[in-house]
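In what follows, a structure is listed as structure tokens, so that the remarks can point back to it.
The values are calculated or read from the model by the stated rules, or taken from the named source; none is laboratory data. Only a predicted model underlies this, so the values are computations on that prediction, with no experimental measurement involved. So basically every Cβ, Gly included, is an ideal-geometry build from the backbone, and we count neighbours across all protein chains shown. Note: areas computed on protein heavy atoms with side chains; ligands, DNA, RNA excluded. Shrake-Rupley method; radii C 1.70, N 1.55, O 1.52, S 1.80 Å.
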Amino acid sequence: MIALSKSNFTEEVLESKGLVIVDFWGEGCVPCQALMPDFESLESQYNQVKFAKLNTTAERKLALSQRVLGLPTIVLYKNGERMGECTKNTASLEGIKALIESQL
């Protein structure tokens, strides 16, 4: 699991080849904390996908630049292009799996 920040976001996500899925989470976000173990558990199931997370509390401007306006938000990128997202009601283990499967 890659911890993202403004110093590595471009390299790890926008310039990356293949699929990258990013968990945008916040320190005070209870649903984010509840979802994190499910998100982390998927990393071992999808070794063709790069898993990363970004703390929006520390990187608010970066999150806004990626059009992340609410939490939790999971965004899937393919070759640096945003392909889809899970938010609020779809931000679940099943929703994240469906998002990944849609691009495999």
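Restricting to the chain, compute how many DSSP beta bridges are antiparallel as a %, nearest 5. Before the final figure, lay out each step's value.
On the way: 12 of 22 bridges.
If I count the DSSP bridges inside the chain, around 55 percent turn out antiparallel.
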Restricting attention to the chain, give the cysteines that have no other cysteine Cβ less than 4.7 angstrom from their Cβ.
Cys86
So, counting K/R as plus one and D/E as minus one, what does the shell of residues with Cβ under 14 Å around Lys50 add up to?
-3
Once you charge only the Cβ atoms, +1 for Lys and Arg and -1 for Asp and Glu, what is the size of the charge dipole of the stretch 1-102 about its Cα centre, to the nearest 20 debye?
300 debye
For the stretch 48-63, what does the Karplus curve 6.51 cos²θ - 1.76 cosθ + 1.60, with θ = phi - 60°, yield as ³J(HN,Hα) per residue in whole Hz, taken in order and with x for Gly and Pro?
8, 10, 8, 9, 8, 9, 10, 7, 6, 5, 8, 10, 4, 5, 5, 4
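When you count, for each residue, the other Cβ atoms within 10 Å and take the mean per peptide, how do 73-85, 30-42 rank with the highest first?
Answer by packing, highest mean first, reads 73-85, 30-42.
Leaving out ligands, DNA and RNA, what percent of the accessible area of the chain is carbon and sulfur, probe 1.4 Å? Don't skip to the end; give the middle numbers.
Numbers: 2790 of 5590 Å².
The nonpolar share, carbon plus sulfur, comes to 50 percent.
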For Thr73, other-chain or 5+-apart residues with amide H closer than 5 Å (H placed, Pro excluded) are Phe24
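Can you give the relative contact order of the chain as a percent, counting alpha carbon pairs under 8 Å and 6+ residues apart?
It rounds to 34 percent for the chain.
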Total charge of the residues flanking Gly80 in space, meaning their Cβ is under 14 Å from its Cβ, with Lys and Arg +1 and Asp and Glu -1, is 0
Positive-end residue of Phe39, Leu71, Val49, charge dipole of the chain with Cβ unit charges:
Leu71
Across the stretch 40-47, in residue order, what do the Karplus-derived ³J(HN,Hα) couplings come to in whole Hz, using 6.51 cos²θ - 1.76 cosθ + 1.60 with θ = phi - 60° and x for Gly and Pro?
5, 5, 6, 4, 6, 8, 10, 6
Accessible surface, the chain, averaged per residue in Å² (probe 1.4 Å):
54 Å²
